[in-house]
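Everything on this sheet refers to the single structure shown next.
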Amino acid sequence: MQPYDAILLLGFGGPEAPEEVLPFLRRVTAGRGIPDERLEQVGEHYFLFGGRSPINDQNRALIAALRSELDSRGVDTPVLWGNRNSEPFLVDTLREAHRAGHRRLVAVTTSAYSSYSSCRQYRENLADAVAALRDDGLAVTVDKIGPYAPRPGFLRANLGHVVDALRALDGTPDGEIGLLFVTHSIPVAMDETSGPGDGEGHLYQRQHLALVSALTDEANRALGRHLVGELVFCSRSGPPTQPWLEPDVNDRLEELAAEGRTAVVAAPIGFVSDHMEVVYDLDTEAAATASRLGLRFVRASTVGTDRGFVADLVDAVAERAAEARGAPVPAFEGRMPSVCAAGCCPNLREARPALCGRD
C-alpha cells in the first residue's frame, strides 16, 4: 500500500444514544437554518430504534472485514475510522494518526456515488480537518479512492442480493413484480451539477441508471425473467418549494398497485449498508405503504460486508496506491478518477476548499 501508511474509513456518522440525536442532527444541518422543532420531528425516526443509528456498528463491521481481507493478503497497513458528524470525529482520528506516526493516508468513504453530498462534502470535511491539524503544526496528507459505484465488485455484490430477493418471488409472474432500485434523493440542482464542471452533469443519476440497467439485465439473465428495473428515491428532506429527484418510492408503490402488481422487490443500491434511510424509509415506511396496498414487499440486502465488495474496496485502495507511485491501474467502464476535476460536484451554497481534487 505504499506510499500510504494508513487507510482511513470516512463515514457519515450517527447517534448512538437518545441524548446524541439532536446534537447530531444540528451538525448535519449546520448552516441551513433548520429549527430544532423540525429536527425533533426527524429525530423521532431515531427514537423508534432506541435513539441509536445502525450506521456506526456497520462501520465497525466493515473495518473488521477490511482488516480480514488485508490480513489475507499479508498487508499490515492499519485501518482507521473517522466520521463527519459523530464520534469518532474525523479531526480527532487524524490527530491520533499523526501521534501514531502516520503521515500519508488514503480515504475510503462510505458513499459510493458522485454528487456534492456524496463526494465533495466529504472532501470539504477532509480539508477542514487537515487545516485544523496544520494550525496545530501537524502535517498530514490524505488522498482518497474515486467513487466506487461503477466498480465491478459493487455491481457483483448488489447483483447477488437482487437475485436472492427475486428468488423469494419464484412462481410470481413477471407482470406482477415491480423491481425498484432505491437511492437517496438529492436536490435537482445538485444532480444537474454532479460530475466535472465541464461535463454534461447529472452524474449522480447517470451512475445509478447505469447500475440499474446492468443489474436488471444480469438478474433477468440469471433467473430467466423479463423484468424492467426502475430507479426511485427516498429520504427527501428539503423544503416543498425546492425540487428534488423523484419519484419517491412510496408514490411509485401506489402506482404499481394501481397497475395490478402484487409484489415488489426494493433494492437499496444507493446505500453501502443498512443506514437509517434503509431501516426507516424502506423497512418501516415503504413496507407499511406496501402492506396497506396489499403488495408483497421484499427488500434486497445492501452490500454491507459482502466478501466480494470488501475485496474490491481493497483492490481500489491498492490501485490508488499504485497510482500514487506512478504505476498503471486497470481500466473499466465508468471508472471514476481518484483526483476530482476542477469544479466537480460544486457546493452551490458557498465556495469552500476541498481535498483530493484539482481545485
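The values are calculated or read from the model by the stated rules, or taken from the named source; none is laboratory data. In this text, all values refer to a predicted model and were calculated from it rather than measured experimentally. Virtual Cβ from ideal backbone geometry, glycine too; neighbours counted across all protein chains shown.
None of R320, R349 is out of contact with any helix residue (DSSP H, G or I) (no Cβ under 8 Å at 6 or more places or on another chain), touching a residue at least 24 places away in the same chain (Cβ under 8 Å), assigned to a loop (DSSP other than H, G, I, E, B) and on the phi < 0 side of the Ramachandran plot except R349.
For region 275-286, filtering for residues that are among the acidic types (D, E) and at pLDDT below 95 leaves 1. Just one of the listed residues (N158, N125) is in a helix (DSSP H, G or I), within 23 Å of C344 (Cβ to Cβ), polar (S, T, N, Q) and in contact with a Leu (Cβ under 7 Å, 6 or more places away or on another chain), namely N125. Against the test of being out of contact with any helix residue (DSSP H, G or I) (no Cβ under 7 Å at 6 or more places or on another chain), assigned by TED's automatic domain parsing to the domain that holds G14 and either of a type outside the set (K, R) or surrounded by 13 or more Cβ atoms within 10 Å (Cβ to Cβ) (or both), the options R67, R32 yield a single qualifying residue, R67. In the set (1) over 21 Å from the mean Cα position of the chain (by Cα); (2) under 27 Å from A64 (Cβ atoms), the condition left unmet by R325 is number (2). Scanning region 130-187 for residues that are over 19 Å from A267 (Cβ atoms), crowded, with 16+ Cβ neighbours inside 10 Å and of a type in the set (A, V, I, L, M) yields V130, L133, V140, V142, I145.
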